[in-house]
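Report on the structure given below.
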Amino acid sequence: MPIDLIVTVAVQGILTGLVYGLMALGLSVIFGVVRVVNFAHGEMMTIASYAAIVAFGAWNIDPLVSMIPIAVLLFALGYAMQAALINPFINRPEHSQFILLAAVAIIMVNGLLMIFGPDARNVLVDYALDSIEVGPLLIDKVRVITATLALAITAGLFAFFKLSRIGKAIRACADNHMGALVVGLNVKRLYALTFGIGSACVGAAGAMMTLLIDTTPNVGPVFTLQAFVIVIIGGLGSMPGALLGGVLIGLTEAMAGLFFAPSAKTMFGVAILILVLLFRPQGLLGRKA
Amino acid sequence: MSTKLTRRQFAATAAGAALVAGTAPFNIVKAQTGALKIGSIHPRSGFQAQLGIACQRGIDLAPRVLKQLGINANVEIMNADTESNVDVARARAEKLINDGANVLIGAFDSGQSAAIAQVAEQKGVPYIINVAAAPQITEQGYKFVFRNFPTAPMLVGDGLNLMKGVFEKSGITPKTAVFMHVNDTFGQSMAGAIKAMAPRFNLPFQIVDTIAYDPQAKDLSVEIAKAKATGAEMLMPVTRLNDAILMIREMVKQRWEPQIVMSPGAPGFYEGQFYKTLGKFSNYLLTNVPWYNPRSSITQKLLDEFTKSYKNELFELNVGFSFEAVMVAVNAHNAAKSTAGAALADAIRKTNITDHVMAGGALQFNEKGQNVNIKSVTLQNLDQRPKVVLPLDIAEDNLTLPLPSWTKRS
Amino acid sequence: MIARLIEGVPQRALILLGLLLAAMLAAPLLVGDYGLSVLILVLYFAYTGQAWNVMMGFAGQLSLGHSLYVGIGAYAAAALYVHFGIGPWLGVWIAILLSMSAGLVIGFLAFRFGIGGVYFALLTIAFAEFTRVGFDHFTWVNGSGGFFLPVAQYSINDPLNLRGSPTMFYYILLGITVLAFLFCRWLLTGRIGYYWLAIREEPEAAQTLGINVFRYKMIAVAISAGMTALSGVFFAFYYNNLFPEQIFSMNRSIELILGPIIGGIGSLFGPILGAVVLTLLAEGLTDIMAALGYELPGVKLVFYGLCLLVVVMYLPNGIWPPLRKWLGLGERL
């Protein structure tokens, strides 16, 4: 097999993986603090994608620009969801939380179907199909842009949680729920903020995704599943872990597709997940619970 | 402990009994002469929603167009949604029959169609399949199931024959080809048929690699890189719509330019969304599929009405086959002068409609209920719409090959 | 044994159950073909929900990948029937064994390595997905092309080969559901039921009391997986075609567990009530929407989602526990 083919596929795999990582980041942030698995994750991302498509269709705004207002919009949606729906469920058993969010997901998917119809929608920017030539390699320009942004957003978020006052307070909540209550932190508000921040990441990822794939109301569940796989591999709650998990999945699937059957490549991703769960259940970069 | 039932408990029992009774039919409509009740059952939500809705358009237009053609179409259409799910399909079929449907039409998907076929057969209600290619459905010995759509082997047979015609007409004969297919029910039926039939067709090219990909794939970059590395002169894709878009987009990004891209009989390249999304990159791709005969006057009538009702949608084969299914039902109703299942099924079996929408011979069914007269055509995307280029007697435009470079398109 | 089954159950409850059973037995004569197909769906979801409930409701292990066991059961029995002519009543045992083995492998891996809660749930999804893609490539059962059983004509019922009319399927399924109900009652009233209760509520305390937590969790998984396989066998012979995309899908897993959760986890009658409520809700909404003239695809499922949301918000333990209290039927059903 020619070496430049292998390198091309590997680079594509890593870039795709970084975008997957960004997609999974929101899920990870939310679980790390609120300890709720957001089963409507992919559906929220689909909402963001539709917002980007509408912004482009109506005002010709590039998704790389509209991602900022969309992130704000999703922040509001996430905040509201946590405040209104999820807070009462914080101490309920997992299956109860699961059904709540599964119901939210059903409503979102079918709401989108009602509003936008079943057709696949996308955004046609003029650079969508450009490639960058690096020696013998051809690298997809959009993937380079989105992967770079994914790194930047993760770094920014990481800094926010490490440095800002609110970020520190949120981490305190995550580390010690009781302690946070004792020192007088408004845990409910911080949870809602966290859910909002996680959702904002989802919003940015969803807007960016419109450059790479077409959006239909039904793409959500696939992304939800993909995001789960990634964050568990990386470590639920770990931000660098989400990126690492994304890259690992992106690279593994690319290599599996190249050397084995492409149609079976998701099996390899799931196989890694199973191995990680068995030997390091907290994930590669996760902390022991 | 009291053994007497309290009023509450009695109420609960009554409610339970009512539940059972509530599922009882309110109105069992017995077969009678009068309007023909057609149950249209398609996946109008769920992951196949787009295609189910396309089929529904053909059904909705049919009564109006048939009347314009002077055909006595005394029909009432009842709609049902399978939600892209086999068990819902079955339950909805039962419901339609319960509500008095005399004929069922559907269902785009092979699994759902197979489930509906069992119900129809059992109830003795004729079922006309408008779209679904899995060969097994018409191999079960059913008496009430008819299919006006080619099976996967028929699609492949026509597809491979037309390929030879394309090579002859264009003077370009590839020596190597790569076969890419989506690994779902349809893709695997097609792959199986190609594997079984290709040796018999004496094809000029060798299939150097077969690449199957997951129907849920969100990224085909590896697949295309692999296909490009084979250096094949032709790409033979079997796709659905969304993956067809991903595939071509990835080919442009990776600048893979085989001489010919020709589908042996799959959706994707000829659909409205494909043109909207890919613009100039949609041009020159070829598909060998059953298609409407652009020279037929009935097609023209249907096309006019379609354009009036659905300005932004593309008229394609799902619409055509769905319309024809209604046409078959109406024709049988007029011949049988009855809405009874057995009479209608007999009349459908004797169907012989020479003037219709889709290309090929007369609309007839064999003893298995399969229409074997459907003929594929070669479509080429020109000016961002599908045009018939072969066979020549119904061609709308000239075949243009080889595929021009992606980067040199205006 | 019968004494143990009815111990502590108010006589009124027994009368109500008897009446319900009588109604169910008479139903095929009353409800017509469509009604019968809806009742078959109800029973199918009731039985499968009951099977899932053994693992989640009794032993507290959340599985979100139960479509795995349905699929294994369905494919095993169907493949044995088509390839070797082995009838479903023999094939079902092999299907159950295979499915139990799959459950035991997952359980062993998970429980040995101390995986619980959300992680266990996600592991079950992962295994179901893994198997789905695997079956897409499993050419012995025609991969993603779909596996078709020969469909017999319905002139005679052949219960030995599970070929026949919906009425036959209905009674078989009713029998299975009733047996599963009794079996679960028997489990719950036995020692194992109390061990499960302890493991579910206080795993650490259970361990210190000397209960072999690992072993009893494994038993729960095996029983649940085996019971679920039977519903797969039924699915295969009722629908006569199998597609990995459909039978192993995550949606299918979710569909299966909505009933018991809405009905009331851990109770015996909850899964049955949940199946009744959800199936009739889905069917009823379709009719209501059609009657109101809402033909827009998606509307029905939005309302379905809203109903789920309301139930889970206001009835955290499901519908059955408050209903059973209101009816004065004790805590044992």
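Among the residues of this structure, C:P150 does not count as one that is away from every other protein chain (no Cβ under 14 Å), of a type outside the set (S, T, N, Q), under 19 Å from B:Q118 (Cα atoms) and surrounded by fewer than 20 Cβ atoms within 10 Å (Cβ to Cβ).
So which residues in region A:113-122 are outside any helix (DSSP H, G or I) and either free of Cβ contacts under 8 Å to residues at least 60 places away in the same chain or more than 7 Å from chain B (Cβ to nearest Cβ) (or both), if there are any at all? Reasoning before the result, please.
The initial filter retains those residues of region A:113-122 that are outside any helix (DSSP H, G or I), namely A:117-122.
Within region A:113-122, A:G117, A:R121 qualify.
Residue by residue, here is whether (1) within 14 Å of chain C (Cβ to nearest Cβ); (2) under 19 Å from the mean Cα position of the chain (by Cα); (3) at pLDDT below 95 holds:
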residue: B:A117; (1), (2), (3): yes, yes, yes
residue: B:P126; (1), (2), (3): no, yes, no
residue: B:Y142; (1), (2), (3): yes, no, yes
residue: B:A152; (1), (2), (3): yes, yes, yes
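Scan region B:205-215 and give yes if some residue there is touching a Ser or Thr at 6+ places or on another chain (Cβ under 8 Å) and in contact (Cβ under 8 Å) with a residue 40 or more places away in the chain, otherwise no. No; the residues of region B:205-215 include none that is touching a Ser or Thr at 6+ places or on another chain (Cβ under 8 Å) and in contact (Cβ under 8 Å) with a residue 40 or more places away in the chain.
Checking each residue in region A:277-289 for being in contact with a helix residue (DSSP H, G or I) (Cβ under 8 Å, 6 or more places away or on another chain) and either within 8 Å of another protein chain (Cβ to nearest Cβ) or surrounded by fewer than 23 Cβ atoms within 10 Å (Cβ to Cβ) (or both) picks out A:L277, A:L278, A:P281, A:L284, A:L285, A:G286. Within region B:83-94, at least one residue is facing chain C (nearest Cβ under 8 Å), modelled with pLDDT of 90 or more and over 25 Å from A:P217 (Cβ atoms). Listed here are the helices (runs of 4 or more DSSP H) enclosed by region A:155-223 that have at least 1 residues being under 15 Å from the mean Cα position of the chain (by Cα): A:187-209. When A:I139 is tested against (1) within 14 Å of chain B (Cβ to nearest Cβ); (2) among the hydrophobic types (A, V, I, L, M, F, W, C); (3) buried (at least 24 other Cβ atoms within 10 Å of the Cβ); (4) more than 30 Å from B:G46 (Cα to Cα), only condition (3) is not met. Counting the residues of region C:17-36 that are touching a Pro at 6+ places or on another chain (Cβ under 6 Å) and in contact (Cβ under 8 Å) with a residue 24 or more places away in the chain gives 1.
Looking at region B:156-173, can you tell me whether even one residue there is surrounded by 24 or more Cβ atoms within 10 Å (Cβ to Cβ) and either under 24 Å from A:A120 (Cβ atoms) or within 10 Å of chain A (Cβ to nearest Cβ) (or both)? Working first, answer last.
Step one: list which residues in region B:156-173 are surrounded by 24 or more Cβ atoms within 10 Å (Cβ to Cβ), which gives B:156, B:159, B:162-163.
From the residues that got through so far, the ones that are either under 24 Å from A:A120 (Cβ atoms) or within 10 Å of chain A (Cβ to nearest Cβ) (or both) too are none.
Looking through region B:156-173, none of the residues is surrounded by 24 or more Cβ atoms within 10 Å (Cβ to Cβ) and either under 24 Å from A:A120 (Cβ atoms) or within 10 Å of chain A (Cβ to nearest Cβ) (or both).
I'm checking my understanding of the structure. Among residues of region B:213-232 that are buried (at least 23 other Cβ atoms within 10 Å of the Cβ) and more than 7 Å from chain A (Cβ to nearest Cβ), which one is modelled with the lowest pLDDT? Here the residue is B:A217.
Please determine whether any residue of region A:100-112 is within 10 Å of chain B (Cβ to nearest Cβ), at negative phi and at pLDDT 90 or above.
So far as region A:100-112 goes, yes, one or more of its residues are within 10 Å of chain B (Cβ to nearest Cβ), at negative phi and at pLDDT 90 or above.
Take the conditions surrounded by fewer than 23 Cβ atoms within 10 Å (Cβ to Cβ) and either at pLDDT below 90 or not in a helix (DSSP H, G or I) (or both) and apply them to A:V229. Does it pass? No: the conditions fail for A:V229. If A:T146 satisfies all but one of (1) at pLDDT 95 or above; (2) within 14 Å of chain B (Cβ to nearest Cβ); (3) under 17 Å from the mean Cα position of the chain (by Cα), what's the number of the condition it fails? A:T146 satisfies all of (1) at pLDDT 95 or above; (2) within 14 Å of chain B (Cβ to nearest Cβ); (3) under 17 Å from the mean Cα position of the chain (by Cα) except (1). Checking the stated criteria, B:P264 turns out not to satisfy the condition of being touching an Asp or Glu at 6+ places or on another chain (Cβ under 8 Å) and more than 14 Å from chain A (Cβ to nearest Cβ). Each residue in region C:281-315 was checked for being within 14 Å of chain A (Cβ to nearest Cβ), surrounded by fewer than 17 Cβ atoms within 10 Å (Cβ to Cβ) and assigned to a loop (DSSP other than H, G, I, E, B), and 4 pass.
Which of the residues spanning region C:187-218 are among the hydrophobic types (A, V, I, L, M, F, W, C), more than 19 Å from C:T48 (Cβ to Cβ) and assigned to a helix (DSSP H, G or I)? Walk me through how you get there before you give the answer.
From region C:187-218, those among the hydrophobic types (A, V, I, L, M, F, W, C) are C:187-188, C:192, C:196-199, C:205-206, C:209, C:211, C:213-214, C:218; that's our starting set.
With the extra rule that they be more than 19 Å from C:T48 (Cβ to Cβ), the set shrinks to C:192, C:196-199, C:205-206, C:209, C:211, C:213-214, C:218.
Within region C:187-218, C:I192, C:W196, C:L197, C:A198, C:I199, C:A205, C:A206, C:V213, C:F214, C:M218 qualify.
Looking only at residues that are charged (D, E, K, R) and touching a residue at least 40 places away in the same chain (Cβ under 8 Å) in region A:53-99, which one is nearest to the other protein chains (Cβ to nearest Cβ)? Please lay out each step first, then the result.
Our first condition is that a residue be charged (D, E, K, R); within region A:53-99, this holds for A:62, A:92, A:94.
Imposing the further condition that a residue be touching a residue at least 40 places away in the same chain (Cβ under 8 Å) reduces the set to A:62, A:94.
Numbers: A:D62: 17, A:E94: 6 Å.
Looking at residues that are charged (D, E, K, R) and touching a residue at least 40 places away in the same chain (Cβ under 8 Å), I get A:E94.
For region C:104-116, the set of residues classified as surrounded by fewer than 22 Cβ atoms within 10 Å (Cβ to Cβ) and either within 14 Å of chain A (Cβ to nearest Cβ) or charged (D, E, K, R) (or both) consists of C:V105, C:F108, C:L109, C:F111, C:R112, C:F113, C:G114, C:I115, C:G116, listed by residue number. Taken across region B:390-399, residues that are within 29 Å of B:I105 (Cβ to Cβ) and exposed (fewer than 15 other Cβ atoms within 10 Å of the Cβ) do occur, with at least one present. Looking across region C:154-183, the residues that are surrounded by fewer than 17 Cβ atoms within 10 Å (Cβ to Cβ), small (G, A, S) and over 19 Å from the mean Cα position of the chain (by Cα) come down to C:S155, C:S165.
If you check B:I71, B:I38 for being closer than 24 Å to B:K337 by Cα, more than 14 Å from every other protein chain (Cβ to nearest Cβ) and surrounded by 24 or more Cβ atoms within 10 Å (Cβ to Cβ), only one passes: B:I38.
When A:S263 is tested against (1) facing another protein chain (nearest Cβ under 8 Å); (2) assigned to a helix (DSSP H, G or I); (3) out of contact with any strand residue (DSSP E or B) (no Cβ under 7 Å at 6 or more places or on another chain), exactly one condition is not met: (3).
Scanning region C:158-204 for residues that are of a type in the set (F, W, Y) and touching a residue at least 60 places away in the same chain (Cβ under 8 Å) turns up C:F169, C:Y170, C:Y171, C:F181, C:W186, C:W196.
Out of B:N293, B:N242, one residue alone is under 25 Å from the mean Cα position of the chain (by Cα) and facing chain A (nearest Cβ under 8 Å). It is B:N242. Residues in region C:214-230: is at least one surrounded by fewer than 17 Cβ atoms within 10 Å (Cβ to Cβ) and either within 13 Å of another protein chain (Cβ to nearest Cβ) or free of Cβ contacts under 8 Å to residues at least 40 places away in the same chain (or both)? Checking region C:214-230: at least one residue is surrounded by fewer than 17 Cβ atoms within 10 Å (Cβ to Cβ) and either within 13 Å of another protein chain (Cβ to nearest Cβ) or free of Cβ contacts under 8 Å to residues at least 40 places away in the same chain (or both). Restricted to region C:61-103, and to residues there that are of a type in the set (G, A, S) and within 14 Å of chain A (Cβ to nearest Cβ), the residue that is surrounded by the most Cβ atoms within 10 Å (Cβ to Cβ) is C:S67.
Only one residue in B:T339, B:T378, B:T407 is closer than 28 Å to B:S170 by Cβ, among the β-branched types (V, I, T) and over 23 Å from the mean Cα position of the chain (by Cα), so which one is that?
On the way: B:T339 fails: closer than 28 Å to B:S170 by Cβ; B:T378 fails: over 23 Å from the mean Cα position of the chain (by Cα).
Exactly one residue qualifies, and that residue is B:T407.
The values are calculated or read from the model by the stated rules, or taken from the named source; none is laboratory data. Since we're looking at a predicted model, the values are computed, not measured. Methodologically, a virtual Cβ is constructed for each residue, glycine included, from the backbone with ideal geometry; neighbour enumeration extends over all protein chains shown.
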